[in-house]
1. State all residues of the range 192-204 that are surrounded by 14 or more Cβ atoms within 10 Å (Cβ to Cβ), in a loop (DSSP other than H, G, I, E, B) and either without any contact (Cβ under 8 Å) to a residue 12 or more places away in the chain or not aromatic (Phe, Trp, Tyr) (or both); if no residue qualifies, say none.
2. Residues of the range 150-178 being surrounded by 15 or more Cβ atoms within 10 Å (Cβ to Cβ) and touching a Ser or Thr at 6+ places or on another chain (Cβ under 8 Å), which ones?
3. Any residue in the range 60-73 that is within 30 Å of Val185 (Cβ to Cβ) and within 23 Å of the chain's Cα centre (by Cα)?
4. Which of the residues spanning the range 179-191 are free of Cβ contacts under 8 Å to residues at least 60 places away in the same chain and surrounded by 15 or more Cβ atoms within 10 Å (Cβ to Cβ)?
5. May I ask you to verify whether Ile95 is among the β-branched types (Val, Ile, Thr), in a helix (DSSP H, G or I) and modelled with pLDDT under 90?
6. Restricting attention to the range 124-134, does a residue exist that is touching a strand residue (DSSP E or B) at 6+ places or on another chain (Cβ under 6 Å), modelled with pLDDT of 85 or more, within 30 Å of Phe7 (Cβ to Cβ) and surrounded by fewer than 18 Cβ atoms within 10 Å (Cβ to Cβ)?
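The values are calculated or read from the model by the stated rules, or taken from the named source; none is laboratory data. This is a predicted model, so every value here is computed, not measured. Positions of Cβ are generated from backbone atoms using ideal geometry, with glycine treated the same way; all protein chains shown enter the neighbour counts.
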Amino acid sequence: MLFNPIFFTIFIPLLAGLVYFIMAAEINRLGKVRKIIFGEIGYKKVFVAFLLFGIYFITRPLQNLLGPHPWPMIINCARQFFLMAVISPAILVGIFHWIPAEKGTPKSAVVAAYTIGIIMALIFIAINRIGISGSQRLGTFAGLNLYDAVWFSAPLPHQSEIIFIHLITQLISPVGFFLLAAAYVRHRRYNYPLSSVYNLMPKKWKYLESGLFLFAFSLIVAGLAAFFGQYYTYLWVIYFSAAIVAGVIELIGIKLPPREAPQDLKNS
């Protein structure tokens, strides 16, 4: 069952999407009380970011179900633009607001995050159009044929360079954004005042940091596998599976109260 292509193609994305929808719902539920402490903007932005992540994961099967080439490429381009230009900057900006610095989040940082994300996404799409030349049939599900994009059905000049550029765009967004977000969380965690009444905040942030690092690392592993091997159909399973684990880790941190014995948050 675990090696069935239908399982990979349909159910892993659905599970990943469900995890992030649950995370968004928990943030929304807890934020009704805790936004008084940590700010409404931060909770709203993180809620939206995880909701968008859920949409990104759960729409993965459309890449296989809508038909042969060019549909797998079109859906892949749309979803990756969504990830690189919208979700990744939203995660970074959301965490900047959720774990604010003393001077707040500069507007220039927000503009820069989205600008870089959009540029990387457009380069990614351009490379997709160069490298994807067709599709292959993976199997059937509920009477429907499943297809996925085929890379380099015929060798191209500078093929290694094309793959390298394709991976570099993703190394910047989303990987770079997630690593930057995780590093920022770690910095804030290590510099959190020990005397604060919210004595569990460093622990909450540790879960968030771990989830971000795990997901970013899984993307790097998938990228290395692509660069030193080939663009396998199921490389995405590496980071989708990691996203499920990372989501559970982050959900634990989200549900953790900001301090021990939080009497005013018992019903949150």
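1. Asn199, Leu200
2. Within the range 150-178, Val150, Trp151, Phe152, Ser173, Pro174, Phe177, Phe178 meet the criteria.
3. Yes, there is a match, as at least one residue in the range 60-73 is within 30 Å of Val185 (Cβ to Cβ) and within 23 Å of the chain's Cα centre (by Cα).
4. Listed by number, the residues that qualify are Leu179, Ala182, Arg186, Arg189.
5. On the way: among the β-branched types (Val, Ile, Thr): yes; in a helix (DSSP H, G or I): yes; modelled with pLDDT under 90: yes.
Judged against the criteria, Ile95 is a match.
6. Yes, some residue in the range 124-134 is touching a strand residue (DSSP E or B) at 6+ places or on another chain (Cβ under 6 Å), modelled with pLDDT of 85 or more, within 30 Å of Phe7 (Cβ to Cβ) and surrounded by fewer than 18 Cβ atoms within 10 Å (Cβ to Cβ).
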